[in-house]
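In what follows, a single structure is set out as structure tokens and then discussed.
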Amino acid sequence: MSFNTFGRLFRVTTWGESHGPALGATVDGCPPGIALEVATIQHWLDRRRPGQNRFTTQRREPDEVEILSGVYEGRTTGTPIQLMIRNMDQRSKDYSAIAERFRPGHADITYWQKYGIRDPRGGGRSSARETAARVAAGGVARAVLAALVPALNVSGYMVQMGARAIDRARSDPAAIESNPFWCPDAVTAALWAEDLDRLRKDGNSVGAVIEVVARGVPAGIGAPIYAKLDSELAAAMMTINAVKGVEIGDGFSAAALTGVENADEITMGPDGPEYGSNHAGGVLGGISTGQDVVVRFAVKPTSSILTPRRSITREGEPVDVVTKGRHDPCVGIRAVPVGEAMMACVLLDQILLHRAQMGEGLRGSIGP
């Protein structure tokens, strides 16, 4: 049994391999009548596209999406939407040296242990190239969210690369689109550039922490006990390649707080409940509070490095492995639009679940 589908009502199935002819996604459960065209999805894919600067892989992929079904005259029909992205710049020969050996830190060995066969060309199905399909599906989700909840906005950015984190006192949302790291702190972004240049020259890599925030999420989204909004978000982020940790709100930092410090005090404002802080990351008991939903995930360093690492061959013989080819020295950079896409897909799925149970306008009210 294999699992290539996520979501409950808004369901996304991704398919394809890194060095195959194409990859893509089948999106099922999209409501009918939503305005959708290629340019709507392409905008988000362009943010993830490789080869845009010296800090990402130099694989040159246009990542042009094609809509094969589910849309008629610019509007969704309610039937499955088939999205396809053709691979144009594969260099499979770069991987001939590792066809018989396992790269440390990669899924090579576990795919072999599970299936007894693997596609060594760029990692095949385990490649981060698969995330292009998720970003395309996220573009569909964003289009539906714009129609159902116009005030909702999803934004992601890097808050740490290696040991160097941003200074939140300097955080400026306007800076996010103006540097290659999606960083809200321009000073730290410049320092990251210096750090990554040194690592690239050494054939090394580094990890990162990404923060994704959803603003304008209505209160009441999420279903206890086994479809909590935060558990769905954590699961979604953990499916992204190289992610090794996820936290909601203050996350692990909350362990250092006292109960007095951690409690988000509530007062009644003119438009409803207001909170004095957001340690909970916009989710209590698995249900959204109406505050910003804040998710953070940690991405490990790229495992494809030029420094020899000890490993074994398929026959169990010891071998040193050097991974050549075109790789991201920090995969966290291009993980930003992927995290945004997963947030959009989960939120839409949860909103559709909420509407299915509660209808429209049936949520409980507080205050006059």
- request: Can you send over the solvent-accessible area of S253, 1.4 Å probe, protein chains only, in Å² to the nearest 10?
  value: 70 Å²
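Helix by helix through the chain, keep the DSSP H runs that span 30 Å or more along the axis on Cα and average at least -1.0 on Kyte-Doolittle, and give those back in order.
Qualifying helices: 332-358.
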Cα centre as origin, Lys/Arg/Asp/Glu Cβ charges: region 128-220 dipole, Debye: 240 debye
statement: Ranking G269, F6, A22 by how far each Cα lies towards the positive end of the charge dipole of the chain (+1 on Lys and Arg Cβ, -1 on Asp and Glu Cβ), the top one is A22
query: Using 1/(1 + (r/R0)^6) with R0 = 25 angstrom and r between the beta carbons of Q113 and F252, what's the FRET efficiency to the nearest 0.05?
result: 0.20
statement: Projected onto the charge dipole of region 70-228 (unit charges on the beta-carbon of Lys, Arg, Asp and Glu, signs +1, +1, -1, -1), the Cα from Y226, P80, W112 with the largest positive-side position is that of W112
query: So what is the diffusion coefficient of region 231-293 in µm² per second by Stokes-Einstein at 37 °C and 0.692 mPa s, using a Kirkwood Rh over Cα pairs?
result: 251 µm²/s
message: For L36, what residues show an amide H to amide H distance below 5 Å, using hydrogens built from the backbone and excluding near sequence neighbours?
response: R75, T76
statement: Share of accessible surface on carbon and sulfur in the chain, whole %, 1.4 Å probe and ligands ignored, is 54 percent
message: I need the phi-derived Karplus couplings for region 172-185: 6.51 cos²θ - 1.76 cosθ + 1.60, θ = phi - 60°, integer Hz, Gly and Pro marked x.
response: 9, x, 5, 7, 4, 7, 9, 9, x, 9, 6, 10, x, 10
task: Please give the solvent-accessible surface of H106 in Å², to the nearest 10, using a probe radius of 1.4 Å with every protein chain present.
output: 50 Å²
query: Per residue and in cubic angstrom, what volume does the convex hull of the Cα atoms of the chain have?
result: 156 Å³
message: Which residue, W192, G162, G124, has the largest displacement toward the positive end of the dipole of the chain when charges sit on each Cβ (Lys, Arg +1; Asp, Glu -1)?
response: G124
query: What do you reckon, how do W182, W15 stack up by accessible area (1.4 Å probe), largest on top?
result: W15, W182
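In what sequence, largest accessible area first, do Y157, Y115 appear using a 1.4 Å probe? Mind dumping the intermediate values first?
Numbers: Y157 25, Y115 120 Å².
In descending accessible area the options line up as Y115, Y157.
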- line: Put I287, I305 in order of accessible area, largest first, probe 1.4 Å, and you get I287, I305
statement: Yeah, region 60-178 with a ≥ b ≥ c from its alpha-carbon gyration tensor (a/c under 1.5 is rounded, else prolate when a/b outruns b/c, oblate otherwise) is oblate
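Rounded, prolate or oblate: pick one for region 171-268, where a ≥ b ≥ c are the square roots of the eigenvalues of its C-alpha gyration tensor, a/c under 1.5 means rounded, and failing that, prolate if a/b is larger than b/c, else oblate. Before the final figure, lay out the partial values.
Working: a/c = 2.07, a/b = 1.73, b/c = 1.20.
Taking the square roots of the gyration eigenvalues as a ≥ b ≥ c, region 171-268 is prolate.
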statement: Lys and Arg at +1, Asp and Glu at -1: neighbours of L352 with Cβ under 11 Å from its Cβ sum to +2
- line: With -39,500 (n - 2.57) per DSSP H segment of 4 or more residues and division by the full residue count of the chain, the 222 nm estimate, nearest 500 deg cm²/dmol, is -8000 deg cm²/dmol
field: Cα-based shape type of region 120-164, given that a ≥ b ≥ c are square roots of the gyration tensor eigenvalues and the cut on a/c is 1.5
entry: oblate
field: Nearest-20 debye value, the chain charge dipole, Cβ charges on Lys, Arg, Asp, Glu
entry: 1280 debye
query: So, counting K/R as plus one and D/E as minus one, what does the shell of residues with Cβ under 10 Å around W192 add up to?
result: -3
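The values are calculated or read from the model by the stated rules, or taken from the named source; none is laboratory data. Note that the structure is predicted; figures quoted are calculated from it, not measured. No Cβ is skipped: glycine too gets one built from the backbone with ideal geometry, and neighbour counts run over all protein chains shown. What goes into the accessible areas is simple: the full protein's heavy atoms, side chains included, and nothing from ligands, DNA or RNA. Shrake-Rupley method; radii C 1.70, N 1.55, O 1.52, S 1.80 Å.
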